[in-house]
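Data first, discussion second: the structure below is written as C-alpha coordinates.
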Amino acid sequence: GIMGRVAKGTSISNCYNAGEVLKKSNNANHYVGGILGIKGSKDDISKGEVSIENCYNVGVSGYGIASGVNEDSWKKKSKYTNCYYVETACENDYKDDGKKKSVDEMRRQSTYNGFDNGAWGFSTTEQHAPYLIRTNAVLQQPLKK
(Lines give C-alpha, C1' and ligand atoms only; values in the text may rest on other atoms or scores of the structure.)
Protein backbone atom coordinates (compact mmCIF):
# COMPACT_ATOMS: atom_id res chain seq x y z
CA GLY A 1 0.00 0.00 0.00
CA ILE A 2 1.03 3.56 0.60
CA MET A 3 2.77 2.39 3.76
CA GLY A 4 4.08 -1.17 4.03
CA ARG A 5 3.93 -2.12 7.71
CA VAL A 6 3.55 -0.28 10.98
CA ALA A 7 4.61 -1.57 14.34
CA LYS A 8 3.99 1.54 16.43
CA GLY A 9 1.41 4.29 16.39
CA THR A 10 1.18 6.16 13.10
CA SER A 11 -1.08 8.41 11.04
CA ILE A 12 -1.75 8.31 7.32
CA SER A 13 -3.86 10.99 5.64
CA ASN A 14 -4.80 12.44 2.27
CA CYS A 15 -3.62 9.68 -0.03
CA TYR A 16 -4.96 7.17 -2.54
CA ASN A 17 -3.91 3.96 -4.22
CA ALA A 18 -4.71 3.22 -7.85
CA GLY A 19 -2.20 0.41 -8.43
CA GLU A 20 -1.79 -3.26 -7.68
CA VAL A 21 -0.52 -3.96 -4.16
CA LEU A 22 1.17 -7.34 -4.13
CA LYS A 23 3.51 -8.99 -1.63
CA LYS A 24 5.69 -11.91 -2.63
CA SER A 25 6.68 -14.46 -0.02
CA ASN A 26 7.67 -18.10 -0.14
CA ASN A 27 7.26 -18.12 -3.93
CA ALA A 28 3.63 -17.08 -3.63
CA ASN A 29 1.81 -13.84 -4.30
CA HIS A 30 -0.37 -12.32 -1.58
CA TYR A 31 -2.39 -9.15 -1.83
CA VAL A 32 -2.20 -6.80 1.14
CA GLY A 33 -3.98 -3.56 2.11
CA GLY A 34 -4.47 -0.79 -0.43
CA ILE A 35 -3.38 2.01 1.89
CA LEU A 36 -1.63 0.17 4.74
CA GLY A 37 0.03 -3.11 3.81
CA ILE A 38 0.15 -4.76 7.23
CA LYS A 39 -0.86 -3.39 10.63
CA GLY A 40 1.71 -5.46 12.50
CA SER A 41 1.88 -8.54 14.65
CA LYS A 42 0.16 -9.47 17.87
CA ASP A 43 3.24 -8.24 19.74
CA ASP A 44 2.85 -4.75 18.21
CA ILE A 45 -0.70 -4.15 19.44
CA SER A 46 0.22 -2.27 22.62
CA LYS A 47 2.60 0.14 20.85
CA GLY A 48 0.16 2.74 19.63
CA GLU A 49 -2.88 3.62 17.55
CA VAL A 50 -3.06 3.47 13.77
CA SER A 51 -5.04 6.37 12.30
CA ILE A 52 -5.99 6.56 8.60
CA GLU A 53 -7.96 9.56 7.34
CA ASN A 54 -9.21 10.91 3.99
CA CYS A 55 -7.89 8.05 1.89
CA TYR A 56 -9.25 5.80 -0.83
CA ASN A 57 -8.28 2.70 -2.77
CA VAL A 58 -9.31 1.93 -6.34
CA GLY A 59 -6.35 -0.37 -7.03
CA VAL A 60 -6.16 -4.16 -6.82
CA SER A 61 -5.42 -5.29 -3.29
CA GLY A 62 -6.27 -8.05 -0.84
CA TYR A 63 -7.92 -5.67 1.62
CA GLY A 64 -9.62 -2.36 0.93
CA ILE A 65 -7.73 -0.07 3.29
CA ALA A 66 -5.54 -2.07 5.69
CA SER A 67 -4.57 -5.67 6.31
CA GLY A 68 -3.03 -7.25 9.35
CA VAL A 69 -4.11 -8.67 12.64
CA ASN A 70 -7.90 -8.77 12.77
CA GLU A 71 -8.39 -8.93 16.51
CA ASP A 72 -10.48 -6.83 18.86
CA SER A 73 -7.36 -5.34 20.47
CA TRP A 74 -6.18 -4.01 17.05
CA LYS A 75 -9.65 -2.73 16.21
CA LYS A 76 -9.64 -0.69 19.43
CA LYS A 77 -6.26 0.78 18.45
CA SER A 78 -7.24 1.56 14.86
CA LYS A 79 -9.16 4.62 13.70
CA TYR A 80 -10.47 5.08 10.15
CA THR A 81 -12.06 8.36 9.10
CA ASN A 82 -13.36 9.02 5.58
CA CYS A 83 -11.75 5.90 4.11
CA TYR A 84 -13.28 4.31 1.01
CA TYR A 85 -12.49 1.51 -1.40
CA VAL A 86 -14.14 0.37 -4.59
CA GLU A 87 -15.94 -2.94 -4.18
CA THR A 88 -14.10 -4.48 -7.13
CA ALA A 89 -10.65 -3.60 -5.74
CA CYS A 90 -10.17 -6.27 -3.12
CA GLU A 91 -10.84 -9.84 -2.14
CA ASN A 92 -11.42 -9.25 1.58
CA ASP A 93 -12.20 -6.55 4.09
CA TYR A 94 -11.92 -6.03 7.80
CA LYS A 95 -14.90 -4.66 9.64
CA ASP A 96 -14.64 -0.94 10.32
CA ASP A 97 -11.49 -0.34 8.22
CA GLY A 98 -13.29 1.69 5.58
CA LYS A 99 -16.44 1.83 3.56
CA LYS A 100 -16.94 -0.32 0.47
CA LYS A 101 -18.43 1.66 -2.42
CA SER A 102 -19.55 0.97 -5.97
CA VAL A 103 -17.67 2.49 -8.92
CA ASP A 104 -20.47 5.03 -9.37
CA GLU A 105 -20.24 6.04 -5.70
CA MET A 106 -16.45 6.38 -5.94
CA ARG A 107 -16.95 8.86 -8.81
CA ARG A 108 -19.31 11.14 -6.86
CA GLN A 109 -17.97 14.12 -4.95
CA SER A 110 -20.69 13.60 -2.35
CA THR A 111 -19.00 10.33 -1.29
CA TYR A 112 -16.02 12.35 -0.07
CA ASN A 113 -17.84 15.03 1.94
CA GLY A 114 -15.29 14.85 4.76
CA PHE A 115 -12.27 15.31 2.49
CA ASP A 116 -10.43 18.64 2.83
CA ASN A 117 -11.26 20.64 -0.32
CA GLY A 118 -7.94 22.47 0.04
CA ALA A 119 -6.12 19.20 -0.65
CA TRP A 120 -8.48 17.44 -3.06
CA GLY A 121 -9.90 18.23 -6.48
CA PHE A 122 -12.96 16.61 -8.01
CA SER A 123 -13.95 15.69 -11.55
CA THR A 124 -16.72 17.79 -13.04
CA THR A 125 -17.88 14.85 -15.18
CA GLU A 126 -17.96 12.29 -12.34
CA GLN A 127 -15.80 9.88 -14.34
CA HIS A 128 -12.85 9.91 -11.93
CA ALA A 129 -12.19 9.55 -8.24
CA PRO A 130 -10.76 12.70 -6.54
CA TYR A 131 -7.16 13.77 -7.06
CA LEU A 132 -4.65 15.56 -4.83
CA ILE A 133 -4.43 19.20 -5.90
CA ARG A 134 -0.83 19.78 -4.80
CA THR A 135 0.50 17.01 -7.02
CA ASN A 136 -1.63 17.75 -10.10
CA ALA A 137 -1.85 13.97 -10.45
CA VAL A 138 -5.11 12.87 -12.01
CA LEU A 139 -5.90 9.24 -12.67
CA GLN A 140 -5.43 8.94 -16.42
CA GLN A 141 -8.26 6.47 -16.97
CA PRO A 142 -11.86 6.82 -15.81
CA LEU A 143 -12.89 4.33 -13.15
CA LYS A 144 -14.21 1.22 -14.87
CA LYS A 145 -17.23 -0.77 -13.77
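The values are calculated or read from the model by the stated rules, or taken from the named source; none is laboratory data. Quantities reported herein were computed from a predicted structural model and do not represent experimental measurements. Here the Cβ positions follow ideal geometry from the backbone for every residue, glycine too, while neighbour counts run over all protein chains shown. What goes into the accessible areas is simple: the full protein's heavy atoms, side chains included, and nothing from ligands, DNA or RNA. Shrake-Rupley method; radii C 1.70, N 1.55, O 1.52, S 1.80 Å.
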For segment 84-112: of the residues being at pLDDT 90 or above and assigned to a loop (DSSP other than H, G, I, E, B), which is least open to solvent (accessible area, probe 1.4 Å)?
Ser102
Going through (1) over 24 Å from Ala66 (Cβ atoms); (2) modelled with pLDDT of 85 or more; (3) open to solvent by less than 60 Å² (accessible area, probe 1.4 Å) one by one, Pro142 fails only at (2)
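Table: residues versus (1) open to solvent by 10 Å² or more (accessible area, probe 1.4 Å); (2) at pLDDT 80 or above.
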{"position": "Gly48", "(1), (2)": "yes, no"}
{"position": "Ile52", "(1), (2)": "no, yes"}
{"position": "Asn57", "(1), (2)": "no, yes"}
{"position": "Ser61", "(1), (2)": "no, yes"}
{"position": "Ile65", "(1), (2)": "no, yes"}
{"position": "Val69", "(1), (2)": "yes, no"}
{"position": "Ser73", "(1), (2)": "yes, no"}
{"position": "Lys77", "(1), (2)": "yes, no"}
{"position": "Asn82", "(1), (2)": "yes, yes"}
